[in-house]
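Comments concern the structure below.
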Amino acid sequence: IKMDDKIAKSEKAVYITETETLILTGSGSKILSGKNIVSGDKITLYRSEDRMTVESSADKRVEAIVFPGGKGINKAQR
């Protein structure tokens with residue numbers, strides 16, 4: 001899914017229009033923005049609030065690579 005300056009990948013994606021919320025689920029779910037990457041088993045992106053939550057299973061960790069000085073992964077370009 002391409003959205004703003006981000007690319008989202010997952011096994012399943014649900015977008016809730018009323019709340020501008022994107023929910024990505026499945027192993028290997030990730031959001032890429034430039035060089036920045038966040039991955040986990042469930043990623044909830046709250047577009048209107050400019051924030052996200054990332055969750056993982058008990059046997060796997062959330063992963064994030066964020067480069068300083070950039071816009072970050074969560075800053076929407078509208």
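The values are calculated or read from the model by the stated rules, or taken from the named source; none is laboratory data. Not measured: the values here are computed from a predicted model. Note: ideal-geometry Cβ built from the backbone for every residue, glycine included; neighbour counts use all protein chains shown. The accessibility values were calculated without ligands, DNA or RNA, using every heavy atom of the protein model including side chains. Shrake-Rupley method; radii C 1.70, N 1.55, O 1.52, S 1.80 Å.
What are the residue pairs meeting all of these: first residue in segment 1-23, first residue without any contact (Cβ under 8 Å) to a residue 40 or more places away in the chain, second residue among the aromatic types (Phe, Trp, Tyr), Cβ atoms under 8 Å, and 6 or more apart or on different chains?
19/46; 20/46; 21/15; 21/46; 22/15; 23/15
Pairs please, first residue from segment 52-67 and of a type in the set (A, V, I, L, M), second anywhere and assigned to a loop (DSSP other than H, G, I, E, B) and loosely packed, with under 11 Cβ neighbours inside 10 Å, Cβ atoms under 9 Å, 6+ apart in sequence or on different chains.
Listed pairs, sorted by first residue: 65/35; 66/35.
Considering only residues that are farther than 10 Å from residue 6 by Cβ, of a type outside the set (D, E, K, R) and either modelled with pLDDT of 90 or more or open to solvent by 60 Å² or more (accessible area, probe 1.4 Å) (or both), which ones fall in segment 53-78?
Correct list: 53, 54, 56, 58, 62, 64, 65, 66, 67, 68, 69.
Within segment 1-44, work out how many residues are more than 22 Å from residue 69 (Cβ to Cβ) and part of a strand (DSSP E or B).
The qualifying residues number 23.
Taking segment 1-17 on its own, how many of its residues are among the polar types (S, T, N, Q) and open to solvent by 60 Å² or more (accessible area, probe 1.4 Å)?
The number of residues fulfilling the criteria is 1.
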